[in-house]
Amino acid sequence: MKVIFITPVTPYKENIGGPSGHPYHLMKERPEGMEIVIYSYNQNGFTTERIAEVEKELDVRIHLLQKPKWIAWLLKLHLTFLRLFLKYPINYYYRLPKEAVADIEDMKPDLVWVYSQEFSGILKQFRAFKRLHMVPDCYSLHFYRRLALRSTMASKTEYWRVLTNYRKYFRMEQEYDAGENIAYHLVGEADKNFLLKINPKLNAHFIRHPRYELAEPQKVVAFAQPKIKLLIAGRYDFYMQEKADEMIEALTEAQQFALRENFVFTFLGKGWEGHIQTLREAGYEVEHIAFAPDYVEEVRKHDIQITPIAIGTGTKGKVLDAIANGLLVIGTEYALENIAVEDGVSCLQYDTKEELLAILADIPRNRERYEEMAERGRQAVLREHNRGKVAKYLFSIAQ
């Protein structure tokens, strides 16, 4: 089976300069005998040496594409504000040059596989072939959720930007090709359902996000003594801001100071300096790692991860990484959505700061119960988010 894969970012084992890990791990587990030729715009700026590394690891050929000249000039002349006047998101207007289209047609591929929401326009260049659109999130749902949660927008300007993007992505998704020879792949169930409300005739599928690399050997789940190691990973941005602020406020209330004796907090990511200082002044033991060269190796040093996500869609990769490597995850609904875990069985879900505090208060009193919960979460993710299982399902819908 010959497959052409078209992508804005060159695949890689981790996310570097964009969501490069998702297609990499699916290709790694592709069915035997599947030949893949990649056409990449290389927006993550990989060097010739790294591209050669990927070709060897995945046993693929990679051809690099240049962005359309008019888009290149917009960027060069700092005229990106003109995007406001476009009907669709700017990347929708990418098209492969005629020479590349002719080369692909000459190869007579069994499948044209395109990555990212905005490259739906490129799929229109290959209507004669069987096609697979790896979306993987419904962007209009993302902006819809932000409009519903006004607290994620700091100004009227940001509100209008979000509203404009919602309209652009809604229009684009409404016009996704609903032909018989095209399937859509999403990593969010709510994303799939929202997309089908916009465009009911699509052949759309929710498929679990594959887990990435695991640190070896796998850690034994046993919380640290005397203080449990608690991790908050990711940047402090609008995705986390509201729930993170609530968490810090709750932790610094006078009656919660007993938690100081049970946990050491580590923030992995940028933008947390103010919260770190607040917690330290309240008497907590707090560490900060702005960047970890080996992310997974750093994560697995901890026992629990709190993920206070207030907004988002799809599957949260950092949550998946944590559970797969033996951490107990305490998260909001949006942090845990689309991951094959169950509240109170293999993870802990909370909504209010009072619920979060009650969970944290109970964990030191019932360590063994929560260690077992973390192990159940790990086994569920290893089983249901297995790369081979996900890849098999993905390529089956494209047959």
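The values are calculated or read from the model by the stated rules, or taken from the named source; none is laboratory data. On a predicted model such as this, the values are computed, not experimentally measured, just so you know. Heads up, the Cβs are rebuilt from the backbone with ideal geometry, glycines too, and the neighbour counts pull from every protein chain shown. Remember, those area values only see protein heavy atoms, side chains included, never the ligands or the DNA or RNA. Shrake-Rupley method; radii C 1.70, N 1.55, O 1.52, S 1.80 Å.
Data for the structure
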{"quantity": "Which listed residue is on the phi > 0 side of the Ramachandran plot, open to solvent by less than 40 Å² (accessible area, probe 1.4 Å), in contact with a helix residue (DSSP H, G or I) (Cβ under 6 Å, 6 or more places away or on another chain) and not hydroxyl-bearing (Ser, Thr, Tyr), from Gly344, Gly269, Gly326", "calculated": "Gly326"}
{"quantity": "Whichever residue in segment 261-284 is of a type outside the set (A, V, I, L, M, F, W, C) and touching a Leu at 6+ places or on another chain (Cβ under 9 Å) and, among such residues, is farthest from Gln241 (Cα to Cα)", "calculated": "Asn262"}
{"quantity": "Scope segment 299-320; condition in contact (Cβ under 8 Å) with a residue 40 or more places away in the chain and either among the polar types (S, T, N, Q) or closer than 12 Å to Gly377 by Cβ (or both); matching residues", "calculated": "Ile304, Gln305, Thr307, Thr313, Thr315, Leu320"}
{"quantity": "Selection within segment 25-43 - closer than 18 Å to Ser116 by Cα and either of a type outside the set (A, V, I, L, M, F, W, C) or surrounded by fewer than 11 Cβ atoms within 10 Å (Cβ to Cβ) (or both)", "calculated": "His25, Tyr39, Ser40, Tyr41, Asn42, Gln43"}
{"quantity": "Unmet criterion (only one of (1) open to solvent by less than 20 Å² (accessible area, probe 1.4 Å); (2) in a helix (DSSP H, G or I); (3) not hydroxyl-bearing (Ser, Thr, Tyr)) for Phe46", "calculated": "(2)"}
{"quantity": "From Lys192, Lys219, Lys201, Lys229, residue being of a type outside the set (Gly, Ala, Ser) and either at positive phi or in a helix (DSSP H, G or I) (or both)", "calculated": "Lys192"}
{"quantity": "Odd one out for Asn165 among (1) open to solvent by less than 60 Å² (accessible area, probe 1.4 Å); (2) in contact (Cβ under 8 Å) with a residue 60 or more places away in the chain; (3) of a type outside the set (A, V, I, L, M); (4) closer than 23 Å to Thr10 by Cβ", "calculated": "(4)"}
{"quantity": "Output for segment 105-131, where each listed residue is within 19 Å of Gly33 (Cα to Cα), surrounded by fewer than 20 Cβ atoms within 10 Å (Cβ to Cβ) and within 30 Å of the chain's Cα centre (by Cα)", "calculated": "Asp110, Lys130"}
{"quantity": "Filtered residues of segment 281-315 (kept if loosely packed, with under 15 Cβ neighbours inside 10 Å and acidic (Asp, Glu))", "calculated": "Glu281, Glu285, Glu287, Asp294, Glu297"}
{"quantity": "Pairs, first without any contact (Cβ under 8 Å) to a residue 24 or more places away in the chain in segment 92-113, second surrounded by fewer than 20 Cβ atoms within 10 Å (Cβ to Cβ) and part of a loop (DSSP other than H, G, I, E, B), C-beta under 9 Å, six or more apart", "calculated": "Glu105/Ala128; Glu105/Phe129"}
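Residues checked against (1) more than 21 Å from Val9 (Cα to Cα); (2) modelled with pLDDT under 95; (3) polar (S, T, N, Q); (4) in contact with a helix residue (DSSP H, G or I) (Cβ under 9 Å, 6 or more places away or on another chain):
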| site | (1), (2), (3), (4) |
| --- | --- |
| Lys56 | no, no, no, no |
| Arg61 | no, no, no, yes |
| Leu64 | no, no, no, yes |
| Leu86 | yes, yes, no, yes |
| Ile90 | no, yes, no, yes |
| Met107 | yes, no, no, no |
| Arg131 | no, no, no, yes |
| Ser140 | yes, no, yes, yes |
| Arg150 | yes, yes, no, yes |
